[in-house]
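The values are calculated or read from the model by the stated rules, or taken from the named source; none is laboratory data. These figures come from a predicted structure and were not determined experimentally. When we count neighbours, we look across all protein chains shown, and the Cβ atoms used for this are built from the backbone with ideal geometry, even at glycine. What goes into the accessible areas is simple: the full protein's heavy atoms, side chains included, and nothing from ligands, DNA or RNA. Shrake-Rupley method; radii C 1.70, N 1.55, O 1.52, S 1.80 Å.
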Amino acid sequence: MVVAFKMLRKSVLRPPTMKLLHRLLSIRSDVAKLVYISKSTDIFANLALEDWLYTNRDFSHHHLLMLWRNGPCVVIGRHQNPWLESNFAALPLIGAKLARRNSGGGTVYHDLENLNLTFFTGRGQYCRRRNLEVIARALKGAFGVEAEINKREDLCIDGSKISGTASKLGRTNAYHHCTLLVNANKDLMSLALRNILGERVKTNASLSVRSKITNLREDCDTDVSVDLVVDAIISVYLKPTHTGVEFVDPMDEGLFPGVGKIKDTFMSDQWRFHRTPNFTIFRDLFGAASAFLTVEKGRGRDCGLDSEGVQWSVQKENLQQLGGLFENFIDRDFNKELLDEFDMVVSGLKNSETCRTLISVR
């Protein structure tokens, strides 16, 4: 769930489109359903199980709901920049992990008071609105909470999000997963999702849409807990049978052979950082002049000066006596230490006559 700075406009439920009606009508009411509840609170184990199920199971004739929780973590979308979407320097201090999931969409914060739901179906039965209506009916029936589905297909209470949505569609299988804020720590969420990279960043990465959020507990007149929410959702999802619930260990190689290797991939720096789309950080110097640092595959690729589109850089080999200042940033992993060093160089260049002379004689 992305911490909020922009107010979402309250949205009422819209009439279903013909495409949505076709999907709803194509879903058999007697299709077999099963619920998996993960025993793990490790984000990498749960992402691995989700990916294993999507890749190895056939959901053409049965549907599965996976319910899972994680310890504190920030989870970015497949095409996002972890350094732009999270306060990467603070995450280790608050005991939060950083993960990249396999679906698109924006960045979310998880803790044990946030419930995650993954709805697996065949590609032809994929319908996010139907899944969100299951949650909305459960919240209404068990807690008297009126939750609405907005035009972005987020679940909201009075315009504030309690659930964000993302999905992955394959040739035969599909899944829709979403968060549900029950009583998440919003102070840690705000800290974990704070951008410390700066505003002047050039990137093609997908950017999160900041939204106002609320916890279910804040809007509920009755006692509410994650366990009670789980019971309510299962009751609606499995109706009328109310059977078919299994507690599973995501790392059970007997049930899910090869899942450990998938977890290793999700934990790797190659997946979490090096898959980040290229980006360039700019820092103002004086007038129209800036210093810049370009990062490719998680490592410094180029660095130098820019003034109205004209550049002096390590790669262009035209920095003259300033070259030594910037060469240190090339081929190093991008992290807080590297960013701090870059900012120190920028601070020194603001009063550098050599820098001003180089730019003035372009």
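Taking 7 Å along the Cα-to-C-beta vector as the label spot, tell me the Asn351-Glu296 distance in nanometres, rounded to one decimal.
Simple spin-label model gives 3.6 nm for this pair.
Could you tell me what percent of the accessible area of the chain is made up of carbon and sulfur, with a 1.4 Å probe and every protein chain present? If you can, show how the numbers build up before the last one.
Working: 8370 of 16930 Å².
Solvent-exposed carbon and sulfur of the chain make up 49 percent of the total.
Using a Förster radius of 35 Å, what is the FRET efficiency between Val310 and Arg152 based on their Cβ-Cβ separation? Nearest 0.05, please.
About 0.30, to the nearest 0.05.
Under 1.5 on a/c is rounded, so check that first for the stretch 183-279, then, if it is not, pick prolate when a/b is larger than b/c and oblate when it is not; a ≥ b ≥ c are the square roots of the alpha carbon gyration tensor eigenvalues.
Judged from the Cα gyration tensor, the stretch 183-279 comes out oblate (a/c at least 1.5, b/c at or above a/b).
Tell me the label-point distance for the pair Ile94, Lys140, using the 7 Å Cα-to-Cβ offset, in nm and rounded to one decimal.
For Ile94 paired with Lys140, the spin-label model returns 3.4 nm.
Taking only DSSP H segments of four or more residues, each worth -39500 (n - 2.57), what value at 222 nm results for the chain once the sum is divided by all its residues, to the nearest 500 deg cm²/dmol?
-8000 deg cm²/dmol
Would you mind putting 167-176, 54-63 in packing order, based on average other-beta-carbon counts within 10 Å, highest first?
Put in order of decreasing packing, that is 167-176, 54-63.
For the peptides 75-87, 152-164, what is the packing order when you average, over each peptide's residues, the other Cβ atoms within 10 Å and list the highest mean first? Intermediate results must be reported in sequence, preceding the final value.
Details: 75-87: 22.7, 152-164: 20.5.
So the order, starting with the most tightly packed, is 75-87, 152-164.
Tell me the label-point distance for the pair Asn278, Lys239, using the 7 Å Cα-to-Cβ offset, in nm and rounded to one decimal.
5.3 nm
Hey, for a label at Glu218 modelled as a point 7 Å past Cα toward Cβ, could you say which residues of the stretch 144-158 have their backbone N under 17 Å away?
Once the point is set 7 Å along Cα→Cβ of Glu218, 145-148, 155-158 turn out to lie under 17 Å by backbone N, inside the stretch 144-158.
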